[in-house]
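Novice: Sharing a structure with you now.
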Amino acid sequence: MRFIFKTRYDQDIDLVKHGGQRFWYSVLALALVIAPWALPDYWLAQLTFILIYGIVGLGLMLLAGFTGLFSLGHGAFLGVGAYTQAVLASMGWPFPLSLAVTIVLSAAVGAVVGMPALRVKGIYLAIATLAFGFIVEEVLARWESVTGGNAGKVVPSLDLFGWKADGAASFYLVCLACAVLSTLVVLNLLRTSTGRAFVAIRDSEISAQSMGIHLARYKTTSFMISAALAGVGGALYAHQIRFLSPDQFGILQSIDLLLMVVIGGLGSIHGAFLGAAFLITMPQLITLGKDLLPSAIGQATGLQSVVYGLVLIAFVLFEPLGMYGRWLKVRTWFQLFPFYRRGLFRRQKAFQKSDRLR
Amino acid sequence: MQVLQVLVSGIAQGCIYGLIALGFVLIYKATETVSFAQGELMMLGAFLALALLAVPGFHFWLTVLATIAAMALFGILLERIVIRPILGQPAFSIVMLTIGIGYVARGAITMIPGAGTDTHTLAVPYRDAVVTLGGVVFAVEHLAVIAATAALSALLYLMFRYSKVGVAMQAVSQNQLAAYYMGIPVKRLNGLVWGLAAAVAAAAGLLLAPITFVYANMGFIGLKAFPAAVVGGFGSLPGAIVGGLIIGVVESLSGFFLPEGFKDVAAYVVVLAMLMLRPNGLFGEKLAKKV
């Protein structure tokens, strides 16, 4: 059991709480930096995908996990980012410049979508974002002069003022830098009054409003930042996948992203990356496990979605806090060793909470 | 004249949306949760009918009854096994749960060896028949959908108006706690509501099958029933049918008059406009929270 004695006020808002955390995060950072030299190309590509989805997950986590607004149209933001980056990169813009434009454009789209969010709540918001996602997908498919339509669009490799990140290792490092920066941005944001306002809105809109939080402004801000992060993820996604088509950004992508944050653990930064790791490695694990199963089950095409669905159901039923929540429980069990009680993390049931009267 | 045909097919399509939306609304009113698995329940119903027609070789009308009864039972079981344990959790966990159920249902159907990945046609007695009325040709399949939806709506209306169970369901949807104090078995009724929703979805699947086809992804049509439910006002049963009709008609007319591509998004444009102008829908009641 570790006790942290706080001797300075700064300690309350420190990003790392104690030496142990500092040590383990340094180890993680070191491992991630040397990964390009230690891992085979295939696994490096998977790690790159985890970082990219992690960035998108951070955005969705901020929106869903910290502001309490659920979006079923996040694939569309990813698409806007990816296509903007693809168009600008093929015009020969250097990466930082085109990324900046991508961020601004995605945030603007996020603000537009955030507008209905000011009037509608809960399930209505989910349906509004769902509708928006379908419309964006259709626009991407029909606006052929810019997006290439259903035939798809080829993305040139990443250009950093003449230095081309065309190898797996160099592109991985760019993604790593983006992921670290995004994480720091989100962590710092959550320490500011804006971040606390988000959490207050999630916990109770009425109380937040009574405390003087301007709901409309903060909800729009949350949507914008979330969309901007999805845009960054989309830009990197475009370079990683090299070939864009509108169906990559449809409803299935949006549901996958939501599944990612729910399984990772809503309301935790770790959850975004854990969820991304799950989303990327799960198909690999299924492929590995295929050969062990009888061929009637193992070779069936529906296996993956059955496994995804079952895992999702299991998490919602047994571990609503997600993978990060499970990790917290395991850690607490070890910290408290013989004194862990079963009810320590018990969820409170809220039968009285009604969405109708809000 | 062609417009009239387009209109009828739009109304038929709208009836399907309306029936699926009816399922959403039933569940939403009873348990304040939204089921994203409604389209998949419809798909399961269609596949079950297919299997019953092919394997034991049931007569068509017997198949219809058996499918609807079996799906109702399935809905009740689903509620008992996976939904009830997490009632009281935030609404979004149930949404995720139903998305998971949808995934499993779709995957499980695809895994059926030999049949899951194919597209099937449901052999209905009125297949490919047409009726000519004053020079306009109508497909019987479309008319059957419209007639069946009307009959089903009437049946549901009578049930909610006169039967004891229906009145109890209304009471539960208005105030769970008060209904519980009045001696209404709230939990059992919630199970029945899920069963009813699944039965309606199965009926929608049976009606839709001759128009499109039966395939594992046919449940995605459920995503178009959300706009229908929202346009009608999420808590209103007649609203669901009216909303479905509006979406269906707008969709088919925009497919007829507007350039290609508008048909697919018409439903979503309508719902976004609706949310901007009248977030409570056409028939929704406006509720404000007392503090």
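None of the figures in this text is laboratory data; all of them are computed from the coordinates on show. Since this is a predicted model, take the numbers as computed values, not measurements. No Cβ is skipped: glycine too gets one built from the backbone with ideal geometry, and neighbour counts run over all protein chains shown.
Novice: Picking from B:VAL64, B:VAL104, B:VAL34, which is most flexible by a Gaussian network model of chain B using Cα springs under 10 Å?
Specialist: In the Gaussian network model the winner is B:VAL104.
Novice: Going by how many other Cβ atoms sit within 10 Å of their own, how do A:TRP327, A:TRP43, B:TRP61 line up, fewest first?
Specialist: So the ranking, lowest neighbour count to highest, is B:TRP61, A:TRP43, A:TRP327.
Novice: To the nearest 0.05, how large is the calculated FRET efficiency for B:LYS187 and B:THR121 if R₀ is 41 Å and r is the Cβ-Cβ distance?
Specialist: Between B:LYS187 and B:THR121 the formula returns 0.50.
Novice: Can you show me the helix-derived [θ] at 222 nm for chain B, built from DSSP H runs with n ≥ 4 at -39,500 (n - 2.57) apiece and divided by the number of residues, rounded to the nearest 500.
Specialist: Estimated from H runs of four or more residues: -23000 deg cm²/dmol.
Novice: Just A:PHE278, A:PHE132, A:PHE23 to compare: in a GNM of chain A, with alpha carbon springs under 10 Å, which one fluctuates most?
Specialist: A:PHE23
Novice: Also, I was wondering about something else. With θ taken as phi - 60° and the coefficients 6.51, -1.76 and 1.60, list the Karplus ³J(HN,Hα) couplings across segment A:274-280 in order, rounded to whole Hz; mark glycine and proline as x.
Specialist: 4, x, 4, 4, 4, 4, 7
Novice: So what are the ³J(HN,Hα) numbers for segment B:175-182, from phi and the Karplus equation (6.51, -1.76, 1.60; θ = phi - 60°), rounded to whole Hz, Gly and Pro as x?
Specialist: Result, rounded to whole Hz: 7, 4, 5, 5, 4, 5, 5, 7.
Novice: If I histogram all Cα-Cα distances within chain B using bins 5 Å wide from 0, what percent of pairs lands in each bin?
Specialist: 1, 6, 11, 16, 18, 17, 14, 9, 5, 2, 1, 0, 0
Novice: Segment B:132-162 to segment A:182-227: how many Å between their Cα centroids?
Specialist: Taking the Cα centre of segment A:182-227 as reference, the centre of segment B:132-162 is 49 Å away.
Novice: Another question, if that's okay. Take every Cα pair under 8 Å in chain B that's 6+ residues apart, average their separations, divide by the length, and report that relative contact order as a whole percent.
Specialist: Reported relative contact order: 37 percent.
Novice: Label segment B:111-258 by shape, choosing from rounded, prolate and oblate, from the square roots a ≥ b ≥ c of the eigenvalues of the Cα gyration tensor; if a/c is under 1.5 it is rounded, and otherwise prolate applies when a/b is larger than b/c, oblate when it is not.
Specialist: Prolate, because a/c is 1.5 or more and a/b exceeds b/c.
Novice: When N is the residue count of segment A:77-119, what does its C-alpha Rg come to as a fraction of 2.2 N^0.38 Å? If you can, show how the numbers build up before the last one.
Specialist: Values: Rg = 11.9 Å, N = 43, 2.2 N^0.38 = 9.2 Å.
Normalised by 2.2 N^0.38 Å, the Cα Rg of segment A:77-119 equals 1.30.
Novice: Considering chain A, what Rg and Dmax in Å follow from its alpha-carbon atoms?
Specialist: 21.1, 66
Novice: Continuing with this model, one more query. In a GNM of chain A with a 10 Å cut-off on Cα contacts, which of A:GLY148, A:GLY57, A:GLY267 has the highest mean-square fluctuation?
Specialist: With Cα springs under 10 Å in chain A, the top fluctuation among A:GLY148, A:GLY57, A:GLY267 is at A:GLY148.
Novice: Looking at the protein assembly as shown, I'd like the Rg to Rh ratio, where Rg is from alpha-carbon atoms and Rh is Kirkwood's inverse mean 1/r. Write out the running numbers ahead of the final one.
Specialist: Values: Rg = 25.7 Å, Rh = 26.3 Å.
Radius of gyration relative to Kirkwood radius: 0.98.
Novice: Read phi for every residue in segment B:37-45 and hand back ³J(HN,Hα) as whole Hz from Karplus 6.51 cos²θ - 1.76 cosθ + 1.60, θ = phi - 60°, with x for Gly and Pro.
Specialist: Going residue by residue, I get 9, 4, x, 6, 4, 4, 4, 4, x Hz, with x marking Gly and Pro.
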